[in-house]
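Asker: Below is the structure I would like to discuss, written out as structure tokens.
The values are calculated or read from the model by the stated rules, or taken from the named source; none is laboratory data. These figures come from a predicted structure and were not determined experimentally. As a convention, Cβ positions derive from the backbone with ideal geometry for all residues, glycine included, and neighbour counts pool all protein chains shown. The protein model used for the area step is the full one, side chains on, heavy atoms only, and it has no ligands, DNA or RNA in it. Shrake-Rupley method; radii C 1.70, N 1.55, O 1.52, S 1.80 Å.
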Amino acid sequence: MDDLNLSKLEVTYLPLMEYGAAWELQKQAVQAIDAGTASERLILVQHPPTYTIGSQNHPEHLLLSGEQLKKQGIALFEIDRGGDITYHGPGQLVGYPLLKLGENGKVDLHGYLRRLESVIIAYLEGYGITGTRKQGYTGVWVGDEKICAIGVKFNKCKFRRGFVTSHGFAFNVSAGIGQSGFAGIIPCGIAEYGVTSLAECTGRSFSVETVASELLPYFLQQFPYEAVAGAVSSAE
């Protein structure tokens, strides 16, 4: 396909943003994309330590009290994405694709989730890691350990047909992430399996910004857009 025919995708890397601010940024972007006043976006970001509880709403999967959360400096948000509880924190790359789906009247919501998984699976393959799907679960796994959680919202458009996506994926990059924030929850409500990271799977260390830059071409393979000049760029 000729690049001139591709829609533009604004890609931004945010080194660290408080979760509530990023959630508000997503909501504003969804409204602007729906109204046609902004381009579709991919926000790549790290968050301070945060637990988010999705629409499945199982607060019992949070193992810490309010006092313990405060002591450990972990924020808590009940949010509007699908899925159960998960952790976000430094050393994890969180991706928020804000994309239009179904303008032609056809939309495959499950297919969108599978394409997000395919981005991570293809990236891992580049490092010789076999990432897989696990039947009955959303996300990407290495063996019986989850390396990437996925939870999204499909926002029904007001000014056009279809939806604008929000929320997205959380890809564990740094070693030890499973022993930090994930230890205080039953991740995604799955007690029988653990979590892992890119660093633990390769025995190497990675900066999250480097992984964000490396991951972008794999994203564009699954979602053919023309990324804006500069691709992954920092923003305060």
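Asker: Within the bounds of region 78-100, is there any residue that is in a strand (DSSP E or B), more than 23 Å from ILE186 (Cα to Cα), of a type in the set (Lys, Arg) and open to solvent by 50 Å² or more (accessible area, probe 1.4 Å)?
Answerer: Among the residues of region 78-100, at least one is in a strand (DSSP E or B), more than 23 Å from ILE186 (Cα to Cα), of a type in the set (Lys, Arg) and open to solvent by 50 Å² or more (accessible area, probe 1.4 Å), which makes the answer yes.
Asker: Go through the residues of region 184-203 one by one and say whether even a single one is open to solvent by less than 20 Å² (accessible area, probe 1.4 Å), in contact with a Pro (Cβ under 7 Å, 6 or more places away or on another chain) and not in a helix (DSSP H, G or I).
Answerer: So far as region 184-203 goes, no, none of its residues is open to solvent by less than 20 Å² (accessible area, probe 1.4 Å), in contact with a Pro (Cβ under 7 Å, 6 or more places away or on another chain) and not in a helix (DSSP H, G or I).
Asker: Considering every residue within region 51-58, establish whether at least one is within 19 Å of TYR87 (Cβ to Cβ), open to solvent by less than 50 Å² (accessible area, probe 1.4 Å), at pLDDT 95 or above and not acidic (Asp, Glu). Spell out how you get there, then give the answer.
Answerer: Just the residues of region 51-58 that are within 19 Å of TYR87 (Cβ to Cβ), to begin with: 51-58.
Restricting the remaining residues to those that are open to solvent by less than 50 Å² (accessible area, probe 1.4 Å) gives 51-54.
From the residues that got through so far, the ones that are at pLDDT 95 or above too are none.
No, region 51-58 contains no residue that is within 19 Å of TYR87 (Cβ to Cβ), open to solvent by less than 50 Å² (accessible area, probe 1.4 Å), at pLDDT 95 or above and not acidic (Asp, Glu).
Asker: A further question on this structure: Answer yes or no as to whether ALA170 is touching a residue at least 40 places away in the same chain (Cβ under 8 Å), of a type in the set (A, V, I, L, M) and in a helix (DSSP H, G or I).
Answerer: For ALA170, the condition - touching a residue at least 40 places away in the same chain (Cβ under 8 Å), of a type in the set (A, V, I, L, M) and in a helix (DSSP H, G or I) - is not met.
Asker: Looking only at region 225-234, how many residues end up being open to solvent by 60 Å² or more (accessible area, probe 1.4 Å) and either modelled with pLDDT of 95 or more or among the polar types (S, T, N, Q) (or both)?
Answerer: 1
Asker: Something else about it: Restricting to region 38-50, and then to whatever is open to solvent by 20 Å² or more (accessible area, probe 1.4 Å) and within 21 Å of PHE169 (Cβ to Cβ), can you tell me which residue is nearest to the chain's Cα centre (by Cα)?
Answerer: Taking region 38-50 first, the residues open to solvent by 20 Å² or more (accessible area, probe 1.4 Å) are 38-39, 41, 46, 48-49.
In the following step, the residues that additionally are within 21 Å of PHE169 (Cβ to Cβ) were identified as 39, 41, 46, 48-49.
Values: SER39: 19, ARG41: 13, GLN46: 10, PRO48: 15, PRO49: 15 Å.
Filtering region 38-50 for residues that are open to solvent by 20 Å² or more (accessible area, probe 1.4 Å) and within 21 Å of PHE169 (Cβ to Cβ), the one nearest to the chain's Cα centre (by Cα) comes out as GLN46.
Asker: Quick one: is ALA21 surrounded by 13 or more Cβ atoms within 10 Å (Cβ to Cβ) and of a type outside the set (Ser, Thr, Tyr)? Talk me through it step by step, then tell me what you get.
Answerer: Numbers: surrounded by 13 or more Cβ atoms within 10 Å (Cβ to Cβ): no; of a type outside the set (Ser, Thr, Tyr): yes.
When the stated conditions are applied, ALA21 does not pass them.
Asker: Within region 127-175, count every residue that is open to solvent by 60 Å² or more (accessible area, probe 1.4 Å) and at negative phi. Reasoning before the result, please.
Answerer: Within region 127-175, the first condition is being open to solvent by 60 Å² or more (accessible area, probe 1.4 Å), and the residues that meet it are 127-128, 130, 133, 135-137, 144-145, 153, 156, 158-161, 175.
Subsequent filtering for residues that are at negative phi retains 127, 130, 133, 135, 137, 144-145, 153, 156, 158-161, 175.
Looking only at that region, the number is 14.
Asker: Quick one: which strands (runs of 3 or more DSSP E) lie wholly within region 1-54 and hold at least 1 residues that are more than 14 Å from VAL164 (Cα to Cα) and polar (S, T, N, Q)?
Answerer: Strands (runs of 3 or more DSSP E) meeting the threshold: 8-14, 50-53.
Asker: If you go through region 101-126 one residue at a time, how many are assigned to a loop (DSSP other than H, G, I, E, B) and either at pLDDT 95 or above or open to solvent by less than 30 Å² (accessible area, probe 1.4 Å) (or both)? Write out each step before concluding.
Answerer: Pass one, region 101-126, residues assigned to a loop (DSSP other than H, G, I, E, B): 102-108, 126.
Those left that are additionally either at pLDDT 95 or above or open to solvent by less than 30 Å² (accessible area, probe 1.4 Å) (or both): 102, 126.
Summing the residues that are assigned to a loop (DSSP other than H, G, I, E, B) and either at pLDDT 95 or above or open to solvent by less than 30 Å² (accessible area, probe 1.4 Å) (or both) in region 101-126 gives 2.
Asker: Can you pull out every residue in region 204-223 that is closer than 17 Å to HIS88 by Cα and in a helix (DSSP H, G or I)?
Answerer: Passing the criteria: VAL208, GLU209, VAL211, ALA212.
Asker: How many of the residues in region 160-196 are modelled with pLDDT of 95 or more and within 30 Å of LYS100 (Cα to Cα)?
Answerer: Selection size over region 160-196: 12.
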